1. From the list Glu139, Glu75, which one is under 20 Å from Val15 (Cα atoms), over 17 Å from the mean Cα position of the chain (by Cα) and either small (Gly, Ala, Ser) or open to solvent by 50 Å² or more (accessible area, probe 1.4 Å) (or both)?
2. Of the conditions (1) assigned to a strand (DSSP E or B); (2) surrounded by fewer than 13 Cβ atoms within 10 Å (Cβ to Cβ), Gly62 clears all except one; give me its number.
3. Just need a number here: residues in region 82-126 that are surrounded by 18 or more Cβ atoms within 10 Å (Cβ to Cβ), among the polar types (S, T, N, Q) and under 22 Å from Leu53 (Cα atoms).
4. Evaluate region 28-45: report whether one residue or more is of a type in the set (D, E, K, R), at negative phi, under 15 Å from the mean Cα position of the chain (by Cα) and not in a loop (DSSP other than H, G, I, E, B).
5. Of these, Val19, Val55, Val15, Val41, which one is farther than 15 Å from Ile117 by Cα, β-branched (Val, Ile, Thr) and buried (at least 18 other Cβ atoms within 10 Å of the Cβ)?
6. Looking at Ala144, Ala115, Ala148, which is the one that is at pLDDT 95 or above and within 20 Å of Leu46 (Cα to Cα)?
7. Restricting the search to region 80-126, which residues are closer than 19 Å to Gly9 by Cα and assigned to a loop (DSSP other than H, G, I, E, B)?
8. Taking interchain pairs and intrachain pairs at least six residues apart, which have beta carbon atoms under 7 angstrom, with the first residue in region 88-112 and within 12 Å of Gly63 (Cβ to Cβ) and the second in a strand (DSSP E or B) and open to solvent by less than 50 Å² (accessible area, probe 1.4 Å)?
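The values are calculated or read from the model by the stated rules, or taken from the named source; none is laboratory data. Just so it is clear, the structure is predicted and the values come from calculations on it, not from any experiment. Backbone-built Cβ (ideal geometry, glycine too); neighbour counts: all protein chains shown. What goes into the accessible areas is simple: the full protein's heavy atoms, side chains included, and nothing from ligands, DNA or RNA. Shrake-Rupley method; radii C 1.70, N 1.55, O 1.52, S 1.80 Å.
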Amino acid sequence: MTDTLMNLGIRICKVWFDVDLLELKIEVSNGISVFSNQVYVQHETLKTLISDLNVFKTQVYGGILDVCLGAFGPEYAGGAFDARFHFQKLGQLYITVRQQSQFADFPLRLVADEATIHLKTEPVLLDHFIGGLTALYMENSAEAYLEAIS
């Protein structure tokens, strides 16, 4: 992966894994702003996400899917990624992403960086993303990318 400003979309990269957990780096960009964080998830969580997205992709008439990876708050390891996928118009998928970094010491308290980014994409691009997540889950790839559109 390059260190340059990424294209519009969501990129999920496998950083590390063992028999219980995956550490994922998630980058979200609207073309101007980029937020990157890391989350820990169980293998089953990724498998369930793929299954949920496969059902959701058929709900093009107003379907909504909330995706949660990691957890918000200082009591959890890693960061958090919450995304609401919503087919508001036929053929257009709107995504609102909230992310939080891992908490770190800052004078007199723990703090985490946070961002909310809004994206738009299309069903065919969602299909490519599901394929990428499946390859990541099956250990055939190290990343999955959901391209967004302007």
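1. None of the others qualify; the one that does is Glu139.
2. Of the numbered conditions (1) assigned to a strand (DSSP E or B); (2) surrounded by fewer than 13 Cβ atoms within 10 Å (Cβ to Cβ), the odd one out for Gly62 is (1).
3. Total satisfying the criteria: 2.
4. No: zero hits.
5. That would be Val41, the only listed residue that is farther than 15 Å from Ile117 by Cα, β-branched (Val, Ile, Thr) and buried (at least 18 other Cβ atoms within 10 Å of the Cβ).
6. One residue alone meets the criteria, Ala144.
7. Gly91, Ser101, Glu122, listed by residue number.
8. Leu93/Phe85; Leu93/Phe87; Leu93/Thr121; Tyr94/His86
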